[in-house]
Amino acid sequence: MYIKIGFDIELAITSPMALIYLLHVHPSRRDDLVAPEAVWIEPNFARDEYIDAFGNQCGRVNVLQGNSQIRFYSESIIRDSGLPDEINWSAWQHDPTALPPSALQFLLPSRYCEVDSELLQFAWNQFGHTNKGWPRVQAICDFVHHHIRFDYMAARATRTALEGYREGTGVCRDFTHLAVTLCRCMNIPARYCTGYLGDIGIPPVPYPMDFSAWFEVFLDDRWYTFDARHNTPRIGRVVMARGRDAGDVPITMAFGQNTLQKFQVTTYEVDAWGNAVATV
């Protein structure tokens, strides 16, 4: 399967400032690109590309003048297996004493995932009776999927997992933050993912296309994908970045006042010649 991916983002900048972005396909998917990926920036300010502490490819651009526009855009085609997310009901859960050290950070509280809150006792009361491993993570996804009502108009960049639990509404990042937090409460390493997820293999949904959030848990000596918002295996995920929560993986982060002027995301199935493939 081939998937066309891309974006067109414009920001109004009020003063000279640094701006970082996580807009590349994750290095683990780079070899799947049909041609090398390019992120264009207008105006053509100098940039620094780097790999962060979580293995994500990032960039920094220094905007040299205020009262200006900056545009990020890209178009690529990536190969994909076309298979849905893997399911493994027998995947077992590690005791924290047996986890690889690299996974331990994904048990800790983070900016949007308050493990050290009322959610800790709630998680043990709610999921302590479930079988460890995959069944426990699935029980958490089932709860979050039904507890939070998806509302695109209710998006709030500062909402934490605890606030999402209390308010019962949000968008994909809120589903993900709550599920990640509940997994960590149950001593299951969980990390936040952001990337492309188009309406491939499902009827198109009536929302503007956006980047998506899901999560991965460490079970049975590897990371597995889960998605509390959709709560069903999906086709065509293309990960861009991973971290402890959304604070680690901002699409753009400007160190000064700015206003979003344009935001368009592209992700849909194409054939080998780049022509769109009809959806279900």
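The figures follow:
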{"item": "Taking Trp273, Trp124 and counting other C-beta atoms within 10 Å, the order from fewest to most", "result": "Trp273, Trp124"}
{"item": "Relative contact order computed over the chain (Cα-Cα under 8 Å; 6+ residues apart), in percent", "result": "30"}
{"item": "Ranked list, fewest to most other Cβ atoms within 10 Å of each Cβ, for His129, His230", "result": "His129, His230"}
{"item": "10 Å beta-carbon shell around Asn56, net charge (K/R +1, D/E -1)", "result": "-1"}
{"item": "Structure-based [θ]222 nm, the chain - -39500 (n - 2.57) summed over DSSP H runs of at least 4, per residue, nearest 500", "result": "-5000 deg cm²/dmol"}
{"item": "Helix 118-127 vs. the chain, principal-axis angle (Cα, 0 to 90°, nearest 10)", "result": "60"}
{"item": "Option label - Cα extents along the principal axes in Å computed here, alternatives (1) 57, 54, 37; (2) 56, 42, 37; (3) 52, 43, 40", "result": "(2)"}
{"item": "Thr14, Thr225 arranged by Cβ crowding within 10 Å, fewest neighbours leading", "result": "Thr14, Thr225"}
{"item": "Summed residue charge, Cβ within 13 Å of Leu104's Cβ, Lys/Arg positive, Asp/Glu negative", "result": "+2"}
{"item": "Rounded to 10°, Cα long-axis angle of helix 134-147 versus longest principal axis of the chain", "result": "70"}
{"item": "Antiparallel %, DSSP beta bridges [both residues in the chain], to 5", "result": "95"}
{"item": "Highest-MSF residue in the chain out of Asn131, Asn258, Asn67 [GNM, Cα springs under 10 Å]", "result": "Asn67"}
{"item": "Pairwise FRET efficiency - Ala155 versus Phe45, Cβ, R0 = 22 Å, nearest 0.05", "result": "0.15"}
{"item": "Extended-chain gain in nm, criterion 0.36 nm per residue less alpha-carbon gap, Met253 and Asp95", "result": "53.3 nm"}
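Rule-based calculations on the coordinates, nothing more; no lab input. Owing to the predicted nature of the structure, the values given are computational and were not obtained by experimental measurement. Counting neighbours? That spans all protein chains shown, and the Cβs are built from the backbone with ideal geometry, glycine included.
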